[in-house]
Amino acid sequence: MLIKPYRMSTLTDVAHIRPRFSFHVAYPVTDVLLRVEKLKTKYEGKLVGTIADHHVILDIPAAERHYWSPQLNLRVEEDEDAPGMSTIKGLIGPRPAVWTLFMFIYFSIGVIGFFIGSYGISLWMLGSFSPWVLALPLAAVFMLSAYASSKYGESLGHDQAERLKDFIREALEAPYQVID
């Protein structure tokens, strides 16, 4: 049975750090999950993953995985506006531990830089020079360093991210076809 997707959109928020996408396909959720499961066996050795309920998590095999390896998360839901159709929402990004670490680094540098810089600016406004004023530009340098290292890590995981994207393209290619 051949059915074409009727609507597709790609959301790239946060300057494509964690690309999000959404597909609406004219097929029930169970058939979409069956296709993903069968396609997962085709990619065995290239990708590993789990399917739990309506959630799919795909990873790079442990032998090839490094700190910067990306992860694919999919959520397959029934389309509320059109019964018998599915909405597939996905996210390709760094593994949760990496994402959490970098958000902690950005938050810590921002908070510490803000409070120390505010203290230094307060002293400066009262008429005495304080070296604490330099905390703001120093915090900006640290944030730019963290950003540069995250971009470097993104470039290290680029080929693996493309492998995950190829899986999605094949799983949802038009015409949409269930593998028997």
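The values are calculated or read from the model by the stated rules, or taken from the named source; none is laboratory data. Just so we're clear, the structure is a prediction, and the values are computed from it rather than from any experiment. Neighbour counts are summed over all protein chains in view; Cβ atoms, including those assigned to glycine, are modelled from backbone coordinates with ideal geometry.
Check PRO94 against each of (1) crowded, with 18+ Cβ neighbours inside 10 Å; (2) over 22 Å from SER145 (Cα atoms); (3) not hydroxyl-bearing (Ser, Thr, Tyr) and name the one condition it does not meet.
The failed condition is (2).
Yes/no per residue for (1) aliphatic (A, V, I, L, M); (2) not assigned by TED's automatic domain parsing to the domain that holds PRO61:
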position: ALA82; (1), (2): yes, no
position: THR87; (1), (2): no, no
position: VAL111; (1), (2): yes, yes
position: ILE121; (1), (2): yes, yes
position: MET125; (1), (2): yes, yes
position: LEU134; (1), (2): yes, yes
position: SER150; (1), (2): no, yes
position: LEU164; (1), (2): yes, yes
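Could you please find all residues in the stretch 156-173 being in a loop (DSSP other than H, G, I, E, B), touching a strand residue (DSSP E or B) at 6+ places or on another chain (Cβ under 9 Å) and modelled with pLDDT under 85?
Residue satisfying the conditions is LEU172 alone.
Looking for whichever is surrounded by fewer than 15 Cβ atoms within 10 Å (Cβ to Cβ), farther than 30 Å from PRO28 by Cβ and in contact (Cβ under 8 Å) with a residue 24 or more places away in the chain here; the options are PHE114, PHE107, PHE142. Which one fits? Walk me through it before giving the result.
Details: PHE107 fails: in contact (Cβ under 8 Å) with a residue 24 or more places away in the chain; PHE142 fails: surrounded by fewer than 15 Cβ atoms within 10 Å (Cβ to Cβ).
Just one listed residue meets the conditions, PHE114.
Can you work out which of the residues in the stretch 36-74 that are assigned to a helix (DSSP H, G or I) and among the hydrophobic types (A, V, I, L, M, F, W, C) is surrounded by the fewest Cβ atoms within 10 Å (Cβ to Cβ)?
LEU39
Please go through the stretch 124-137 and give me each residue that is surrounded by fewer than 14 Cβ atoms within 10 Å (Cβ to Cβ) and in a helix (DSSP H, G or I), ordered by number.
TRP124, MET125, PRO131, LEU134, PRO137
Out of the residues in the stretch 13-37 meeting the condition of being among the charged types (D, E, K, R) and within 17 Å of ARG163 (Cα to Cα), tell me which one is modelled with the lowest pLDDT.
ARG18
Looking only at the stretch 127-176, which residues are within 28 Å of ILE88 (Cβ to Cβ) and small (Gly, Ala, Ser)?
Once the filter is applied, which keeps residues that are within 28 Å of ILE88 (Cβ to Cβ) and small (Gly, Ala, Ser), the stretch 127-176 yields SER150, GLY153, SER155, GLY157, ALA161, ALA171, ALA174.
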